[in-house]
Amino acid sequence: MCKTLRVRWPLIPKTAPQPWITCSGCGGLRPFRCSGRIRLNANGRRLDAWLIYKCVNCDRTWNRPVFERRNVRDIDPAVMEALQSNDPDWIRAESFNIEALRRKSKRIDAFSEVEIGKAIVDEAPGWTRLAIELAAPWPVDLRLDRLLAAELKLPRARLTALYESGGIRTEPDGILRRRIRSGTVVLIDFFAGEERMALWRGLVVGDGA
Ligand SMILES: [Zn+2]
């Protein structure tokens, strides 16, 4: 049984996905960015809620339905409060609702810039294996090799060489050059006492140490 330092990297994209919508202002398909605002419309006991998007080119708005003609009694009170107060956390989570966007747009741009909340899950004394668990609750348009090269401060050629020699492995196997998927684990084996272990420990645990 290998002694392991296990860390978890939740990857949070900095920019919400942008659907391509036909813009009535520019007269063509354009990416629309989330404005971070909600529009509500009450009609008797029925309520509509939309998330407002803006054309990146001309600022014309497009409203993405959160729900329409919903009976007020059927709305979760916590959701109702978030909608009425324009709760930024709730709106941010909803802006990453990729399924809802897919129902309205065939093309959706995701973004590669991420914030990584690095944290230690478990650190066995005298570890010689490093396991990095990737969690991507929202789509991230970033290849695994680019993420690792940047975070481990390795030239990509060196990373590839380590991968091909078995010093770095992935679970599932063979996805180093693929787009990041949640649940992927990166395994790195060291020789006990190797100098780069301390350096890499610092890089993988971040401020979560
Ligand atoms: Zn436009």
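The values are calculated or read from the model by the stated rules, or taken from the named source; none is laboratory data. Since the model is a prediction, treat every value here as computed from it, not as a measurement. Cβ atoms come from the backbone with ideal geometry, glycine included; neighbour counts cover every protein chain shown. Heavy atoms of the whole protein, side chains included, go into the accessibility calculation; ligands, DNA and RNA do not. Shrake-Rupley method; radii C 1.70, N 1.55, O 1.52, S 1.80 Å.
Carbon-plus-sulfur fraction of the accessible area of the chain, 1.4 Å probe, in percent?
46 percent
Short version: ³J(HN,Hα) in whole Hz for each residue of region 61-66, in order, from phi by Karplus 6.51 cos²θ - 1.76 cosθ + 1.60 (θ = phi - 60°), x for Gly and Pro, what are they?
So the Karplus estimates, Gly and Pro as x, are 8, 9, 9, 8, x, 8 Hz.
Along region 122-132, what does the Karplus equation 6.51 cos²θ - 1.76 cosθ + 1.60 (θ = phi - 60°) give for ³J(HN,Hα), rounded to whole Hz, x for Gly and Pro?
7, 10, 6, x, x, 4, 10, 10, 10, 10, 10
Once you have all Cα-Cα distances for region 18-109, histogram them in 5 Å bins from zero and send the whole-percent values.
Whole-percent P(r) values from 0 Å outward: 3, 14, 24, 23, 17, 11, 6, 2.
Report the Stokes-Einstein translational diffusion coefficient (µm² s⁻¹, integer) for the chain, Rh taken as the Kirkwood radius over Cα pairs, at 37 °C with viscosity 0.692 mPa s. Kindly include the intermediate steps, with their values, before the conclusion.
On the way: Rh = 19.8 Å.
Rounded, D is 166 µm²/s.
Using the heavy atoms of the protein chains and a 1.4 angstrom probe, tell me the accessible area per residue for the chain in square angstrom. Please report the intermediate quantities before stating the final value.
Values: 11600 Å² over 209 residues.
Per-residue value: 56 Å².
Can you give the % of DSSP beta bridges in the chain that are antiparallel, to the nearest 5?
Here the antiparallel bridges make up roughly 85 percent for the chain.
V7 accessible area, nearest 10 Å², 1.4 Å probe?
Around 0 Å² of this residue is reachable by solvent.
On a 1.4 Å probe surface of the protein chains, which of S165, S112 comes out largest in accessible area, and what is the full order?
The ranking, largest first, comes out as S165, S112.
For the chain, what is the charge dipole size about the Cα centre, in debye to the nearest 20, if Lys and Arg each add +1 at the Cβ and Asp and Glu each add -1 at the Cβ? Let's see the in-between values first.
Working: 36 positive and 26 negative charges, 195 e Å.
For the chain, the charge dipole is close to 940 debye.
How many lysine pairs are close in the chain, with Cα atoms under 23 Å apart and the two 8 or more places apart or on different chains?
Lysine pair count for the chain: 9.
Say each of R92 and R107 gets a label point 7 Å from the Cα, pointing the same way as Cα to Cβ; how far apart are those two points in nm?
Placing both labels 7 Å along Cα→Cβ, they lie 2.9 nm apart.
Starting from the Cα gyration tensor of region 84-203, take the square roots of the eigenvalues, sort them a ≥ b ≥ c, and report rounded, prolate or oblate (rounded when a/c is under 1.5, otherwise prolate if a/b is larger than b/c, else oblate).
Prolate.
So, in nm, how far is label V121 from label F67 when the simple model puts each one 7 Å beyond its Cα toward the Cβ?
Output for this residue pair reads 3.5 nm.
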